[in-house]
Amino acid sequence: MTARSDKSDARLRDLALLRRVRDRIDRDYAQPLDVEALARGANLSAGHLSREFRAAFGESPYSYLMTRRIERAMTLLRRGDMSVTEVCFAVGCSSLGTFSTRFSELVGMSPSVYRRRAARDGEGIPNCLAKQVMRPIRKREPTSSDARIS
């Protein structure tokens, strides 16, 4: 084996490990997860996991976890049978304030406003389509090329 193929094999193993971390977040989003717990489960340091996860997926593990939680919260809020506080705890958030702030950042409105609008706007849309149409879109920082376009 050459040094190049060893490096390539190591990179593939690292990506497989990161996919397992991402899969755990997708599966266990409602559990008490933090970067340290995810890193322990992958036998990595929290800092190394964060750097590698961001390099592979474009966002930190915490950000990915919160996006999953907010997506699930949006689904629960559209159903309309749970209060905002119940939804907050059902998706694994332990602070209503943090949940509301993060929800507002990702969705562009508070959870209670979203709940009222989604009930009205989602009428007649099948759940499988509503999930796609009403998915949160992460706001990103403008790049220099974006500045030239506008």
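The values are calculated or read from the model by the stated rules, or taken from the named source; none is laboratory data. On a predicted model such as this, the values are computed, not experimentally measured, just so you know. Cβ atoms come from the backbone with ideal geometry, glycine included; neighbour counts cover every protein chain shown. Please note that ligands, DNA and RNA were not included when accessible areas were found on the heavy atoms of the full protein model with its side chains. Shrake-Rupley method; radii C 1.70, N 1.55, O 1.52, S 1.80 Å.
General observations
- Filtered by the rule that a residue be within 14 Å of the chain's Cα centre (by Cα) and without any contact (Cβ under 8 Å) to a residue 24 or more places away in the chain, the range 20-37 gives D23, R24, R27, D28.
- The residue that is surrounded by the fewest Cβ atoms within 10 Å (Cβ to Cβ), among those in the range 1-31 that are in contact with a Gly (Cβ under 7 Å, 6 or more places away or on another chain) and of a type outside the set (F, W, Y), is Q31.
- Taking (1) farther than 22 Å from V91 by Cβ; (2) touching a residue at least 24 places away in the same chain (Cβ under 8 Å) in turn, S60 satisfies each apart from (1).
Residues checked against (1) in a helix (DSSP H, G or I); (2) at pLDDT 95 or above:
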site: R40; (1), (2): yes, no
site: N43; (1), (2): no, no
site: R54; (1), (2): yes, yes
site: E123; (1), (2): no, no
site: R135; (1), (2): no, no
site: A147; (1), (2): yes, no
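- Looking only at residues of the range 78-94 that are over 17 Å from the mean Cα position of the chain (by Cα) and either open to solvent by less than 50 Å² (accessible area, probe 1.4 Å) or in contact (Cβ under 8 Å) with a residue 40 or more places away in the chain (or both), we find that the one that is nearest to A46 (Cα to Cα) is V84.
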